[in-house]
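Novice: So that we are looking at the same thing, I have put the structure below in C-alpha coordinates.
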(Lines give C-alpha, C1' and ligand atoms only; values in the text may rest on other atoms or scores of the structure.)
Protein backbone atom coordinates (compact mmCIF):
# COMPACT_ATOMS: atom_id res chain seq x y z
CA UNK A 1 0.00 0.00 0.00
CA UNK A 2 2.82 2.43 0.87
CA UNK A 3 4.42 1.67 -2.50
CA UNK A 4 1.17 2.36 -4.34
CA UNK A 5 0.70 5.64 -2.51
CA UNK A 6 4.29 6.63 -3.29
CA UNK A 7 3.87 5.84 -6.99
CA UNK A 8 0.59 7.80 -7.07
CA UNK A 9 2.17 10.82 -5.44
CA UNK A 10 5.10 10.63 -7.85
CA UNK A 11 2.76 10.61 -10.85
CA UNK A 12 0.82 13.53 -9.40
CA UNK A 13 4.00 15.55 -8.96
CA UNK A 14 5.15 14.70 -12.48
CA UNK A 15 1.80 15.78 -13.91
CA UNK A 16 1.88 18.98 -11.89
CA UNK A 17 5.41 19.73 -13.10
CA UNK A 18 4.39 19.11 -16.71
CA UNK A 19 1.39 21.40 -16.32
CA UNK A 20 3.59 24.09 -14.81
CA UNK A 21 5.89 23.89 -17.85
CA UNK A 22 3.01 24.57 -20.25
CA UNK A 23 3.19 28.13 -21.59
CA UNK A 24 0.49 30.46 -20.35
CA UNK A 25 -2.02 31.43 -23.04
CA UNK A 26 -1.14 34.68 -24.78
CA UNK A 27 -3.53 37.45 -23.70
CA UNK A 28 -5.83 38.63 -26.46
CA UNK A 29 -5.75 42.15 -27.86
CA UNK A 30 -7.23 45.12 -26.04
CA UNK A 31 -9.86 47.35 -27.58
CA UNK A 32 -10.54 50.85 -26.33
CA UNK A 33 -14.06 52.14 -27.05
CA UNK A 34 -15.23 55.74 -26.82
CA UNK A 35 -19.02 56.14 -26.66
CA UNK A 36 -19.98 59.63 -27.78
CA UNK A 37 -23.24 61.57 -27.88
CA UNK A 38 -22.97 64.08 -30.70
CA UNK A 39 -25.12 67.21 -30.50
CA UNK A 40 -27.86 67.12 -33.18
CA UNK A 41 -26.73 69.00 -36.28
CA UNK A 42 -23.04 68.70 -35.34
CA UNK A 43 -22.34 65.37 -37.04
CA UNK A 44 -20.22 66.89 -39.79
CA UNK A 45 -18.21 68.84 -37.22
CA UNK A 46 -17.65 65.61 -35.30
CA UNK A 47 -16.42 63.89 -38.48
CA UNK A 48 -14.01 66.76 -39.11
CA UNK A 49 -12.64 66.38 -35.59
CA UNK A 50 -12.03 62.68 -36.26
CA UNK A 51 -10.11 63.54 -39.44
CA UNK A 52 -7.92 66.17 -37.81
CA UNK A 53 -7.41 64.88 -34.26
CA UNK A 54 -7.79 61.10 -33.94
CA UNK A 55 -7.34 59.63 -37.41
CA UNK A 56 -3.77 60.91 -37.99
CA UNK A 57 -2.65 59.43 -34.67
CA UNK A 58 -4.30 56.06 -35.16
CA UNK A 59 -3.16 55.79 -38.79
CA UNK A 60 0.43 56.60 -37.87
CA UNK A 61 0.45 54.08 -35.02
CA UNK A 62 -1.11 51.50 -37.33
CA UNK A 63 1.77 52.07 -39.77
CA UNK A 64 4.16 51.56 -36.86
CA UNK A 65 2.47 48.29 -35.86
CA UNK A 66 1.02 49.55 -32.58
CA UNK A 67 -2.64 49.83 -33.62
CA UNK A 68 -3.94 46.66 -35.24
CA UNK A 69 -7.39 47.99 -36.17
CA UNK A 70 -9.60 51.02 -35.59
CA UNK A 71 -12.98 52.29 -36.62
CA UNK A 72 -15.95 54.57 -36.19
CA UNK A 73 -19.51 53.22 -35.90
CA UNK A 74 -23.04 54.55 -35.55
CA UNK A 75 -25.83 52.48 -33.97
CA UNK A 76 -28.61 51.31 -36.28
CA UNK A 77 -31.22 51.46 -33.50
CA UNK A 78 -31.45 54.76 -31.67
CA UNK A 79 -33.06 55.36 -28.29
CA UNK A 80 -33.27 58.23 -25.81
CA UNK A 81 -29.99 58.64 -23.95
CA UNK A 82 -28.16 56.18 -26.18
CA UNK A 83 -24.77 56.79 -27.74
CA UNK A 84 -24.71 58.22 -31.26
CA UNK A 85 -21.14 57.34 -32.30
CA UNK A 86 -18.50 54.82 -31.25
CA UNK A 87 -14.78 55.21 -31.91
CA UNK A 88 -12.54 52.24 -31.15
CA UNK A 89 -8.98 51.06 -31.59
CA UNK A 90 -7.30 47.71 -30.94
CA UNK A 91 -3.77 47.18 -29.65
CA UNK A 92 -1.80 44.22 -28.36
CA UNK A 93 -1.38 45.37 -24.76
CA UNK A 94 -1.52 48.19 -22.23
CA UNK A 95 1.67 49.70 -23.67
CA UNK A 96 -0.23 50.16 -26.91
CA UNK A 97 -3.07 51.92 -25.10
CA UNK A 98 -0.54 54.29 -23.54
CA UNK A 99 1.02 55.08 -26.93
CA UNK A 100 -2.36 55.94 -28.43
CA UNK A 101 -3.39 58.12 -25.49
CA UNK A 102 -0.02 59.90 -25.49
CA UNK A 103 -0.30 60.38 -29.24
CA UNK A 104 -3.75 61.92 -28.87
CA UNK A 105 -2.50 64.36 -26.20
CA UNK A 106 0.45 65.32 -28.39
CA UNK A 107 -1.83 65.87 -31.39
CA UNK A 108 -4.18 68.11 -29.42
CA UNK A 109 -1.23 70.11 -28.08
CA UNK A 110 0.19 70.44 -31.61
CA UNK A 111 -3.14 71.71 -32.96
CA UNK A 112 -3.55 74.14 -30.05
CA UNK A 113 -0.07 75.56 -30.62
CA UNK A 114 -0.72 76.02 -34.34
CA UNK A 115 -4.06 77.73 -33.65
CA UNK A 116 -2.49 80.07 -31.10
CA UNK A 117 0.24 81.01 -33.58
CA UNK A 118 -2.29 81.89 -36.30
CA UNK A 119 -4.25 84.18 -33.95
CA UNK A 120 -7.27 84.32 -36.22
CA UNK A 121 -9.88 86.63 -34.58
CA UNK A 122 -13.00 84.86 -33.35
CA UNK A 123 -11.88 81.52 -34.87
CA UNK A 124 -12.90 78.56 -32.72
CA UNK A 125 -10.12 76.30 -31.50
CA UNK A 126 -10.21 72.53 -31.89
CA UNK A 127 -11.04 72.15 -28.21
CA UNK A 128 -13.89 74.65 -28.47
CA UNK A 129 -15.25 72.87 -31.56
CA UNK A 130 -15.10 69.60 -29.67
CA UNK A 131 -17.08 71.00 -26.74
CA UNK A 132 -19.80 72.33 -29.03
CA UNK A 133 -20.10 69.10 -31.06
CA UNK A 134 -20.04 66.54 -28.24
CA UNK A 135 -22.14 66.28 -25.08
CA UNK A 136 -19.22 65.55 -22.79
CA UNK A 137 -21.46 64.65 -19.86
CA UNK A 138 -22.55 61.50 -21.72
CA UNK A 139 -19.16 60.29 -22.95
CA UNK A 140 -18.35 56.75 -21.82
CA UNK A 141 -15.06 54.84 -22.23
CA UNK A 142 -14.62 51.06 -22.22
CA UNK A 143 -11.51 48.89 -22.29
CA UNK A 144 -12.12 45.30 -23.35
CA UNK A 145 -9.98 42.27 -24.03
CA UNK A 146 -10.68 39.71 -26.72
CA UNK A 147 -10.67 36.18 -25.35
CA UNK A 148 -11.09 34.93 -28.91
CA UNK A 149 -10.82 36.91 -32.15
CA UNK A 150 -10.65 35.94 -35.82
CA UNK A 151 -10.40 38.07 -38.95
CA UNK A 152 -11.21 36.65 -42.37
CA UNK A 153 -9.58 37.46 -45.72
CA UNK A 154 -12.24 40.01 -46.69
CA UNK A 155 -11.41 42.59 -44.02
CA UNK A 156 -9.80 44.69 -46.75
CA UNK A 157 -9.71 48.48 -47.22
CA UNK A 158 -13.03 49.93 -48.29
CA UNK A 159 -15.24 47.40 -46.53
CA UNK A 160 -17.55 49.09 -44.02
CA UNK A 161 -19.16 46.24 -42.10
CA UNK A 162 -22.23 45.99 -39.97
CA UNK A 163 -21.33 44.83 -36.46
CA UNK A 164 -23.60 43.06 -34.02
CA UNK A 165 -22.74 43.02 -30.33
CA UNK A 166 -24.42 40.37 -28.16
CA UNK A 167 -24.02 41.17 -24.46
CA UNK A 168 -24.16 38.21 -22.07
CA UNK A 169 -24.11 38.02 -18.30
CA UNK A 170 -22.51 34.90 -16.86
CA UNK A 171 -23.68 33.73 -13.47
CA UNK A 172 -21.29 34.32 -10.55
CA UNK A 173 -18.41 31.86 -10.80
CA UNK A 174 -19.59 30.60 -14.20
CA UNK A 175 -17.51 32.79 -16.50
CA UNK A 176 -15.01 30.03 -17.31
CA UNK A 177 -17.85 27.56 -17.91
CA UNK A 178 -19.52 29.96 -20.32
CA UNK A 179 -16.30 30.46 -22.25
CA UNK A 180 -15.63 26.72 -22.52
CA UNK A 181 -19.19 26.09 -23.70
CA UNK A 182 -18.98 28.91 -26.23
CA UNK A 183 -15.63 27.71 -27.57
CA UNK A 184 -16.85 24.14 -27.86
CA UNK A 185 -20.17 24.76 -29.59
CA UNK A 186 -20.14 28.26 -31.12
CA UNK A 187 -16.55 28.89 -32.18
CA UNK A 188 -16.49 26.07 -34.80
CA UNK A 189 -19.63 27.52 -36.39
CA UNK A 190 -18.17 31.01 -36.53
CA UNK A 191 -14.92 29.62 -37.97
CA UNK A 192 -16.98 28.02 -40.74
CA UNK A 193 -18.80 31.31 -41.32
CA UNK A 194 -15.45 33.08 -41.70
CA UNK A 195 -14.11 30.33 -43.98
CA UNK A 196 -17.25 30.61 -46.13
CA UNK A 197 -16.80 34.41 -46.23
CA UNK A 198 -20.17 35.07 -44.65
CA UNK A 199 -18.63 36.66 -41.55
CA UNK A 200 -15.71 39.08 -41.91
CA UNK A 201 -14.55 38.84 -38.31
CA UNK A 202 -15.79 37.85 -34.86
CA UNK A 203 -14.72 37.75 -31.26
CA UNK A 204 -15.62 36.86 -27.70
CA UNK A 205 -14.58 39.57 -25.29
CA UNK A 206 -14.97 40.90 -21.78
CA UNK A 207 -14.16 44.14 -20.00
CA UNK A 208 -10.49 44.38 -19.09
CA UNK A 209 -11.38 46.97 -16.45
CA UNK A 210 -14.76 46.12 -14.96
CA UNK A 211 -17.02 49.17 -14.99
CA UNK A 212 -20.47 47.73 -15.71
CA UNK A 213 -22.52 45.06 -13.96
CA UNK A 214 -25.03 44.53 -16.76
CA UNK A 215 -22.85 42.09 -18.70
CA UNK A 216 -19.73 39.97 -18.24
CA UNK A 217 -19.00 38.95 -21.85
CA UNK A 218 -19.95 40.05 -25.32
CA UNK A 219 -19.73 38.55 -28.77
CA UNK A 220 -19.05 40.83 -31.74
CA UNK A 221 -19.74 39.75 -35.31
CA UNK A 222 -18.84 41.78 -38.41
CA UNK A 223 -20.50 41.19 -41.78
CA UNK A 224 -20.08 43.09 -45.03
CA UNK A 225 -23.84 43.40 -45.51
CA UNK A 226 -27.07 42.82 -43.64
CA UNK A 227 -27.83 40.10 -46.20
CA UNK A 228 -24.79 38.21 -44.90
CA UNK A 229 -26.11 38.60 -41.36
CA UNK A 230 -29.27 36.81 -42.51
CA UNK A 231 -27.15 33.73 -43.26
CA UNK A 232 -25.73 33.32 -39.76
CA UNK A 233 -28.87 31.93 -38.12
CA UNK A 234 -29.42 29.16 -40.70
CA UNK A 235 -25.80 28.00 -40.35
CA UNK A 236 -26.19 27.71 -36.58
CA UNK A 237 -29.55 25.96 -37.05
CA UNK A 238 -27.94 23.46 -39.41
CA UNK A 239 -25.17 22.76 -36.91
CA UNK A 240 -27.67 22.05 -34.14
CA UNK A 241 -29.97 20.04 -36.44
CA UNK A 242 -27.23 17.54 -37.29
CA UNK A 243 -26.84 16.73 -33.61
CA UNK A 244 -28.98 14.32 -31.61
CA UNK A 245 -31.81 15.62 -29.47
CA UNK A 246 -29.79 14.64 -26.42
CA UNK A 247 -26.83 16.73 -27.61
CA UNK A 248 -29.05 19.73 -28.38
CA UNK A 249 -30.57 19.56 -24.91
CA UNK A 250 -27.11 19.36 -23.35
CA UNK A 251 -25.96 22.45 -25.29
CA UNK A 252 -29.03 24.41 -24.22
CA UNK A 253 -28.61 23.34 -20.60
CA UNK A 254 -24.90 24.20 -20.61
CA UNK A 255 -25.55 27.76 -21.78
CA UNK A 256 -28.52 28.23 -19.44
CA UNK A 257 -26.53 26.91 -16.50
CA UNK A 258 -23.69 29.36 -17.14
CA UNK A 259 -25.63 32.52 -18.02
CA UNK A 260 -28.63 34.65 -17.15
CA UNK A 261 -30.60 34.60 -20.45
CA UNK A 262 -33.01 37.36 -19.39
CA UNK A 263 -30.06 39.76 -19.05
CA UNK A 264 -28.95 39.27 -22.67
CA UNK A 265 -28.96 42.40 -24.84
CA UNK A 266 -27.81 43.26 -28.38
CA UNK A 267 -26.71 46.26 -30.42
CA UNK A 268 -26.11 46.60 -34.17
CA UNK A 269 -23.89 49.30 -35.64
CA UNK A 270 -22.81 50.44 -39.07
CA UNK A 271 -19.15 51.20 -39.66
CA UNK A 272 -18.27 54.61 -40.99
CA UNK A 273 -14.54 53.93 -40.81
CA UNK A 274 -13.07 50.43 -40.54
CA UNK A 275 -9.35 49.79 -40.86
CA UNK A 276 -7.40 46.61 -40.18
CA UNK A 277 -3.62 46.44 -40.38
CA UNK A 278 -2.21 44.41 -43.25
CA UNK A 279 -0.80 41.00 -42.25
CA UNK A 280 2.96 41.05 -41.79
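The values are calculated or read from the model by the stated rules, or taken from the named source; none is laboratory data. These numbers come from a predicted model, not from an experiment. Using ideal geometry, Cβ is built from the backbone for each residue, glycine included, and neighbour counts are taken over all protein chains shown.
Novice: Just to be sure I understand, how many residues within the stretch 139-171 are assigned to a loop (DSSP other than H, G, I, E, B) and closer than 21 Å to residue 259 by Cβ?
Specialist: Let us first name the residues in the stretch 139-171 that are assigned to a loop (DSSP other than H, G, I, E, B), namely 139, 152-161, 169, 171.
If we keep only those that are closer than 21 Å to residue 259 by Cβ too, we end up with 169, 171.
Of the residues in that region, 2 qualify.
Novice: Could you pull out the residue among 205, 201 that is within 16 Å of the chain's Cα centre (by Cα) and more than 19 Å from residue 232 (Cα to Cα)? Talk me through it step by step, then tell me what you get.
Specialist: Numbers: 201 fails: more than 19 Å from residue 232 (Cα to Cα).
After ruling out the rest, the residue left standing is 205.
Novice: I've got another one for you. Which number in (1) under 17 Å from residue 28 (Cβ atoms); (2) modelled with pLDDT of 95 or more; (3) assigned by TED's automatic domain parsing to the domain that holds residue 258; (4) buried (at least 18 other Cβ atoms within 10 Å of the Cβ) marks the one condition that residue 144 misses?
Specialist: (3)
Residue-by-condition table, conditions (1) part of a helix (DSSP H, G or I); (2) within 20 Å of residue 142 (Cβ to Cβ); (3) in contact with a helix residue (DSSP H, G or I) (Cβ under 7 Å, 6 or more places away or on another chain):
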position: 34; (1), (2), (3): no, yes, no
position: 47; (1), (2), (3): yes, no, no
position: 56; (1), (2), (3): yes, no, yes
position: 61; (1), (2), (3): yes, yes, yes
position: 70; (1), (2), (3): no, yes, yes
position: 87; (1), (2), (3): no, yes, yes
position: 98; (1), (2), (3): yes, yes, no
position: 108; (1), (2), (3): yes, no, yes
position: 111; (1), (2), (3): yes, no, yes
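Yes/no per residue for (1) surrounded by 12 or more Cβ atoms within 10 Å (Cβ to Cβ); (2) without any contact (Cβ under 8 Å) to a residue 60 or more places away in the chain:
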| position | (1), (2) |
| --- | --- |
| 161 | yes, no |
| 168 | yes, no |
| 193 | yes, yes |
| 213 | no, yes |
| 224 | yes, no |
| 274 | yes, no |
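A quick yes/no check of all residues on (1) within 21 Å of residue 75 (Cα to Cα); (2) in a loop (DSSP other than H, G, I, E, B); (3) at pLDDT 95 or above; (4) assigned by TED's automatic domain parsing to the domain that holds residue 59:
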site	(1), (2), (3), (4)
173	no, yes, yes, no
180	no, no, yes, no
193	no, no, yes, no
199	yes, yes, yes, no
234	no, no, yes, no
239	no, no, yes, no
255	no, no, yes, no
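Novice: Which is modelled with pLDDT under 95, exposed (fewer than 15 other Cβ atoms within 10 Å of the Cβ), within 22 Å of residue 222 (Cα to Cα) and out of contact with any helix residue (DSSP H, G or I) (no Cβ under 8 Å at 6 or more places or on another chain), of 82, 136?
Specialist: Going through 82, 136 in turn, just one is modelled with pLDDT under 95, exposed (fewer than 15 other Cβ atoms within 10 Å of the Cβ), within 22 Å of residue 222 (Cα to Cα) and out of contact with any helix residue (DSSP H, G or I) (no Cβ under 8 Å at 6 or more places or on another chain): 82.
Novice: Then there is this: How many residues are surrounded by 13 or more Cβ atoms within 10 Å (Cβ to Cβ) and either assigned to a helix (DSSP H, G or I) or at pLDDT 90 or above (or both) when one looks only at the stretch 113-124? Walk me through it before giving the result.
Specialist: Keep residues of the stretch 113-124 that are surrounded by 13 or more Cβ atoms within 10 Å (Cβ to Cβ), which gives 115, 124.
This time we only want the ones that are either assigned to a helix (DSSP H, G or I) or at pLDDT 90 or above (or both), so: 115.
Selection size over the stretch 113-124: 1.
Novice: Looking at residue 114 and the list (1) in contact with a strand residue (DSSP E or B) (Cβ under 6 Å, 6 or more places away or on another chain); (2) without any contact (Cβ under 8 Å) to a residue 24 or more places away in the chain, which single condition is not satisfied?
Specialist: Every listed condition holds for residue 114 apart from (1).
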